[in-house]
Structures are given as structure tokens and as C-alpha cells.
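Trainee: Right, I'll just put the structure down here and ask away after.
The values are calculated or read from the model by the stated rules, or taken from the named source; none is laboratory data. Computed from a prediction, not measured in an experiment: that's the story for all the values here. Note that we place each Cβ from the backbone using ideal geometry, even for glycine, and neighbour counts take in every protein chain shown. The protein model used for the area step is the full one, side chains on, heavy atoms only, and it has no ligands, DNA or RNA in it. Shrake-Rupley method; radii C 1.70, N 1.55, O 1.52, S 1.80 Å.
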Amino acid sequence: MPSPEQWTHPEPGAGPAAIAAQPSPEQVIAGLRATSEGGAELTQLLTPEGERVPSPQFDKYVEDVDYEALRALYRDMVLVRRADREANAMQRQGQLGIWVPLLGQEAAQIGSGRAMKPNDMAFPSYREHGVAYARGVDLKEVLGIFRCTDHGGWDYKKHGFHPYTIVIGNQVLNAAGYAMGQKFEGKVGDDDGEATVVYFGDGATSQGDVHEGFVWGAVYDAPLVFFCQNNQWAISEPTERQSRLPLYQRARGYGFPGIRVDGNDVLACLAVTRWALEECRHGNGPVLIEAFTYRMDAHTTTDDPSRYRLSDELEEWKLKDPIERVRAYLARNGGADHDFFDQVQADSDAFAAELRDYCFNMPEPPPERIFANVYAENSPVLDAQREEFLSYLDGFASEESLAGSSKDTAGELR
């Protein structure tokens, strides 16, 4: 594929390079193919067959990942997938208003989530249940969002995990501002520096908020890792309908590095995210990571993916399953035995049962809960709104009480 620089800066004698916004037909075709295939630039440390691929650049970032650590990553992915499947089933049973599946994206989320340090901050969209788990958030609190009883009650600062964002791409602007604050407060410059990771999908790259975040992050050298989970489908539109070039190459236009990693390879996602965070901590940010993965389920439980994609595509990606490649590697190299795999499965079933029991018995919050934790300190305006709302509700209770008394009086008269 021609070098991206040739689009606007052709080398002498290089032939008919494309001018800006006018690539040749060959370049367009090559670009479209590169958005739907991993390509030669794909960073991978563990193949779908479970074979270790050496990397001179990234091996040092996973030197501490021995069999014990890899077993822990495997367990994380299995538990997160099991929780995801249970939540999906509970939505079908009417226990959740909606659910956003992460099936197939466990490696991208667990790998990147485990790469972060306690003082780092993550800004999710609405699918990052695995990142929430990796940051220590109780998934019971995540369920509350989708049961419509909570807005996300965890301690955002303690866990370094911001509330979910439903508006596509808006979290990128929030993350850019937060990372700029880290820079202004002098929290970057060495190994102990802080950094921020913001998560978004391939579809969000067509939103203006994302590009504004790119601009602000670049201009202020913000310690910000833009983590794009390219799961191939922006709801019902494939990636090649949004970009002529691989998404990670968009970083060039903003003046910071971009890299494409195998999003189904938890080891590679861990290594690349650690590298990117290190760059940001030392003041060399931002960095764009394109985790090349696949959404193996619907966009949400209101979606029917069979209407816009073929089943053979799904079958092809099942062969690249992020969990199975780790299982194959551990089993082949003696890193785990049948007892370990059986125990992880049992743990995941118990985890799902715990979530299910909590969801079915989740207490309904009192009406005044909606006014809680809006501001750090009491607000007279908010207090007045709360009192007005509660008084309004009390009016209904009074009417019911009067109606009951009328029925009793009528009964006595008869």
C-alpha cells in the first residue's frame, strides 16, 4: 500500500501519487481492504492458535507476565464474558431495560484495563464492562445503570473509572479536559506520572467530538491514550464506509503516533497500552491505539445484526476468539491444567449467579435519590427542586388516601 505521506507529499519520481482528497483507485481499494483486515502493521504477541510471537519493541512490556499472571488474565476474560452473557439473558427476561454486549472484545478491555496504574483515569463509552471490572468496579453497580435504578454509584476517583457515556464520542472531550488538567498540575514527566485512557468505537471516529478531542490533546501534549475498539461495525455500518485508511493512521494528521494492535490478543493489548501510557506519563502524549477486534453479538439488545452482516463473517472471527488463544497457549506449554480451567468455569458460574441474584432483588431507589450526588456540596436551588418534587409526589399519596377513605365511607353507608 502506498505511504500515507504520498497522498500530499509525493517523492520525486514516485509515480502518480494521489493529491489531497483525490487518491487513485488503487489507493482507495488498498485503503478499504486495510480497514477490514489486520494488515502488516498489526501488533500481535499471541496468535489465534495460541503461539507466542516475539516482538523486539513490546516484549519488554510483558516481561513480568509469567504463567501465573497469564492465568489471571485468562480468568478475568472468562468471568467478564460470563457476566456479559448473564446480563444479556436477564435483559431478555425483562430484568434489564437494555444491555450492551462486549462479547469478543474481552482481550482489548482486560488487556488495556490491567495496563493502567491506580492513579490513572479511564473514560468509557457504554460497552466497557471489562475495563470497569479491571478497575475494581463492582459489576453489580454497572447493572444498576441498565436496570434504570442508578446512574453509576461507584467512587469514580477511587477506581479511576468515569461514569458511562451514552452520547457517542462525548467522553473523548471529557477525557481530553481531564488529561489537560493532569498536564497543567504537573502530574506528568516521570515513571510516577499520571495518564488517562479514553475508550470509543470505530463509529465514534466519525463524530466531531472525537476529532475535537484529538486537536486539544495534541495541542496541549495531554497524557491521553485514545483507545479505539474497532469492532468492525458502527451499529450497522462497516468501518470501510467511514474511512479510506486504517483508523490508527488518522493520528498522523494530528501530529501524534498511532498504532494498530490485535484487539483479540490480551498480551499485545496489555503491552501496547503499557507502552502508550509510558509515553504519556513522560510527556510524549497523546497516542492513538486502534484495537482491531470484532463485536460477536448485537450492538445492543435492541439490534438485529443478522440484517446487515453475514453469518460466515462471524464464524471466521470465532476462530480468533480472545479467550481460546490464551487457553491454547497455557495448555500447550504446561501453564495450566484441567483443574485450573474447571475451577475458572465454576468461578464464572458462581459470579454470574451472584449478579443474577442481586439483579432480581435489586432494591428500588427512593424518589429523592435522583437528587443525590449531583454536586459536591448542597445547592439551595437543587434543594428547592427536591422539596417541590417530593411535595408533588405526596399529593398523589394524599389523593389515594382520600379515595380509600371515600370507599370506606360508601361501604359504611350501604
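Trainee: Among the residues of the range 168-180, which ones are among the aliphatic types (A, V, I, L, M) and either assigned to a helix (DSSP H, G or I) or without any contact (Cβ under 8 Å) to a residue 24 or more places away in the chain (or both)?
Mentor: If the condition is that a residue be among the aliphatic types (A, V, I, L, M) and either assigned to a helix (DSSP H, G or I) or without any contact (Cβ under 8 Å) to a residue 24 or more places away in the chain (or both), then Val172, Leu173, Ala175, Ala176, Ala179, Met180 are the ones that fit.
Trainee: Specify the residue that is farthest from Arg82 (Cα to Cα); the eligible residues are those in the range 299-346 that are of a type in the set (Phe, Trp, Tyr), touching a residue at least 60 places away in the same chain (Cβ under 8 Å) and in a helix (DSSP H, G or I).
Mentor: Restricting to residues being of a type in the set (Phe, Trp, Tyr), touching a residue at least 60 places away in the same chain (Cβ under 8 Å) and in a helix (DSSP H, G or I), the top hit is Tyr329.
Trainee: Here are some conditions: (1) within 30 Å of Arg241 (Cα to Cα); (2) touching a helix residue (DSSP H, G or I) at 6+ places or on another chain (Cβ under 8 Å). Ala132 meets all but one. Which one does it not meet?
Mentor: Going through (1) within 30 Å of Arg241 (Cα to Cα); (2) touching a helix residue (DSSP H, G or I) at 6+ places or on another chain (Cβ under 8 Å) one by one, Ala132 breaks only (1).
Trainee: Within the range 212-229, count every residue that is buried (at least 24 other Cβ atoms within 10 Å of the Cβ) and part of a helix (DSSP H, G or I).
Mentor: Final tally of qualifying residues: 2.
Trainee: Restricting attention to the range 230-247, report how many residues are part of a loop (DSSP other than H, G, I, E, B) and either under 15 Å from Ile289 (Cβ atoms) or among the aromatic types (Phe, Trp, Tyr) (or both).
Mentor: Within the range 230-247, residues that are part of a loop (DSSP other than H, G, I, E, B) and either under 15 Å from Ile289 (Cβ atoms) or among the aromatic types (Phe, Trp, Tyr) (or both) number 2.
Trainee: Determine, yes or no, whether Ala132 is under 13 Å from the mean Cα position of the chain (by Cα), small (Gly, Ala, Ser), within 29 Å of Gly208 (Cβ to Cβ) and not in a helix (DSSP H, G or I).
Mentor: Here the answer is no, as Ala132 does not meet what is asked.
Trainee: Next question. Looking only at residues in the range 248-292 that are part of a loop (DSSP other than H, G, I, E, B) and free of Cβ contacts under 8 Å to residues at least 60 places away in the same chain, which one is surrounded by the most Cβ atoms within 10 Å (Cβ to Cβ)?
Mentor: Phe256
Trainee: Looking at the structure I just gave you, is Arg82 more than 25 Å from Asp337 (Cα to Cα), open to solvent by 10 Å² or more (accessible area, probe 1.4 Å) and out of contact with any strand residue (DSSP E or B) (no Cβ under 6 Å at 6 or more places or on another chain)?
Mentor: no
Trainee: Would you mind finding the one in Gly153, Gly208, Gly186 that is open to solvent by 40 Å² or more (accessible area, probe 1.4 Å), closer than 25 Å to Glu368 by Cα and out of contact with any Leu (no Cβ under 9 Å at 6 or more places or on another chain)?
Mentor: Within the list Gly153, Gly208, Gly186, the selection yields Gly153.
Trainee: Restricting the first residue to the range 364-384 and requiring it to be in contact (Cβ under 8 Å) with a residue 40 or more places away in the chain, which pairs with a second residue that is among the β-branched types (Val, Ile, Thr) meet a Cβ separation below 8 Å and a spacing of at least six or different chains?
Mentor: Glu364/Thr149; Pro365/Thr149
Trainee: Run Ala72 past the list (1) at pLDDT below 85; (2) open to solvent by 30 Å² or more (accessible area, probe 1.4 Å) and report the number of the one that doesn't hold.
Mentor: Ala72 satisfies every listed condition except (1).
Trainee: For the range 347-371, what are the residues that are in a loop (DSSP other than H, G, I, E, B) and surrounded by 13 or more Cβ atoms within 10 Å (Cβ to Cβ)?
Mentor: Result: Met362, Pro365.
Trainee: Next up: Could you tell me which residue of the range 105-129 is surrounded by the most Cβ atoms within 10 Å (Cβ to Cβ), considering only residues that are in contact with a helix residue (DSSP H, G or I) (Cβ under 8 Å, 6 or more places away or on another chain) and assigned to a loop (DSSP other than H, G, I, E, B)?
Mentor: Here the residue is Glu128.
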